[in-house]
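To start, the structure itself, in structure tokens.
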Amino acid sequence: MNTHAPAHHTDVLIVGAGPTGLALAIDLARRGVDALVVERAGALFPGSRGKGLQPRTLEVLDDLGVHDAIRAAGASYPVGVIWQDGVRTGEHRMFDAVEPTEGAPYAEPWMVPQWRTQEILAARLAELGGEITFGRELAGIGQDPEGVTATFVSGPPVRARYAVAADGGRSTVRRALGIGMTGESVDPSPMLVADVRIEGLDRDHMHVFPPAEGGGYLAIWPLASTDEFQVVAAFPEGTEPDLSLDGIRKVVGARSHLAPGDVTEVRWASDFRPRAAMADRFRDGRVFLAGDSAHVHSPAGGQGLNTSVQDAYNLGWKLAAVLRGEAHASLLDSYEEERLPVAAEMLGLSTRIHRGEARRGEATRQLGIGYRTSALAVETRDGLAEEALRAGDRAPDGVRGGLRLFDEFRGTHWTLLTVGAAGSDVAALPDLSGLPGLVEVRTVRIPSYEAYGDGVFLIRPDGYVGWAGTTAEGLASYAAAISG
């Protein structure tokens with residue numbers, strides 16, 4: 001540990017180069033914020049563990065500029081084939097079928113191996129001039145009123161104005177801060193997950209092998225846009241799964257009609273015990289927890305990676321606004337206020353799905369997540385119908401007046417959206433661009449759209465309605481409050 005070397009200075013230190021840390025670094029980089037990503041390992045994570053991207057996450061990735069690459073790298077989830085003694089006995093669908101709508105153009109989960117998602121995010125970060133430093137194992141972290149100092153097992157310390165722990169469920173940062181993690185074992189049975197090459201199995205289906213007497217569950221997924229499969233196998237409590245090629249061959253041979261030798265290569269393998277746990281708080285002074293460092297999910301619901309990326313998306317614009325002097329530091333209080341309840345909700349959902357108490361449906365797509373109770377959500381209209389869009393809700397997509405709303409929202413700015421008669425009097429709209437909290441505001445006017453109803457809507461940089469009113473009265477006060 002070289003504590004006497006000159007410190008590297010940056011605005012934001014991000015510990016961990018997984019999907020959470022990379023998404024946050026992209027969001028900060030495109031806003032002109034200097035951020036450094038440090039990763040203990042020597043390279044990006046090589047496995048496919050988090051392979052399902054939910055519709056709301058696809059919207060986030062669209063805004064971050066990687067949606068086309070993500071679509072090209074993945075595919076829809078295939079229909080599952082159920083096998084018994086080498087014979088197909090039925091089908092299994094992981095998700096309820098949903099059609100895209102105008103307001104929600106991404107309707108279904110998209111399968112992309114986690115390692116490929118991370119490669120795409122890292123490439124985007126490099127395009128924006130961002131930096132990842134590998135082989136930096138955190139040794140300690142401290143803070144004072146002006147910033148954070150992190151020391152490492154090797155290499156110079158880093159001095160940052162803020163730090164974000166994106167270093168996983170066993171977070172070194174969280175433990176160094178003394179933040180507790182409260183949770184439960186979802187299933188004491190160990191699970192094996194491995195990326196393998198297999199011969200003699202079609203790639204058009206997921207393959208499910210129900211437990212035979214004395215055996216265990218086995219599922220084999222074709223990993224989109226690769227020549228690999230993901231093997232998932234459950235074991236009795238107390239078992240230590242063998243992660244070697246021979247060990248995985250034995251499992252596949254014993255639980256399926258495939259011969260052990262049909263498994264020709266193991267690219268990556270891991271075992272884990274499904275659990276659900278959440279940090280007692282998501283912030284300690286100038287250090288924030290995001291992703292698995294803040295919440296650990298069963299993989300059954302496909303919520304962990306998605307909730308994590310959305311943590312980063314919620315935090316990025318707020319950190320940038322404070323660092324650039326556009327908002328009061330109190331804006332950062334809204335990160336935990338908004339994301340902790342969401343994480344708790346998603347943890348409960350993942351656990352219920354794992355235990356067979358809920359299906360993968362509308363809630364797992366995460367399009368309904370919102371922040372209506374947040375201090376940043378100000379709704380000034382009265383008498384709204386129960387189903388009406390409100391401040392704190394996700395702002396829907398749509399094409400009106402020749403404009404696609406997601407195209408207008410995309411980027412680092414706020415959007416002042418007027419719908420119907422509310423926007424007809426341009427002179428009545430306040431000039432928000434001069435207010436520190438809203439330096440970048442794009443004004444969009446559309447004649448009508450039933451998903452919104454007539455009114456004035458201020459859309460946050462992360463695509464949620466911050467303020468809503470029949471007219472613009474009070475909107476300037478809202479903007480001024482953010483700037484402090």
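The values are calculated or read from the model by the stated rules, or taken from the named source; none is laboratory data. Everything numeric in this text was worked out from a predicted model, so none of it was measured. Cβ atoms come from the backbone with ideal geometry, glycine included; neighbour counts cover every protein chain shown. What goes into the accessible areas is simple: the full protein's heavy atoms, side chains included, and nothing from ligands, DNA or RNA. Shrake-Rupley method; radii C 1.70, N 1.55, O 1.52, S 1.80 Å.
Things worth noting here:
- Farthest towards the positive end of the charge dipole of the chain, among the residues Phe282, Ser477, Pro156, is the Cα of Pro156, using unit charges on the Cβ of Lys, Arg, Asp and Glu.
- Alpha-carbon centroids, region 219-289 and region 38-66: separation in whole Å: 18 Å
- Loop sites in region 109-156: chymotrypsin sites (Phe, Trp or Tyr not before Pro), DSSP, at most 12 other Cβ within 10 Å: none
- Calculated FRET value between Arg197 and Ala344, using beta carbons and R₀ = 41 Å, to 0.05: 0.55
- Scaling against 2.2 N^0.38 Å puts the C-alpha radius of gyration of the chain at 1.02.
- Within region 30-125, none of the trypsin sites (Lys or Arg not before Pro) combine a DSSP coil assignment with at most 11 other C-beta atoms in a 10 angstrom radius.
- Here the accessible area of region 174-280 is 47 percent carbon and sulfur, with a 1.4 angstrom probe and all protein chains present.
- Sparse-neighbour loop sites [trypsin sites (Lys or Arg not before Pro); region 125-234; at most 13 other C-beta within 10 Å; DSSP]: Arg170
- Semi-axes of the equivalent ellipsoid for region 181-311, computed as √(5λ) from the eigenvalues of its C-alpha gyration tensor and ordered from largest down, come to 32, 17, 12 Å.
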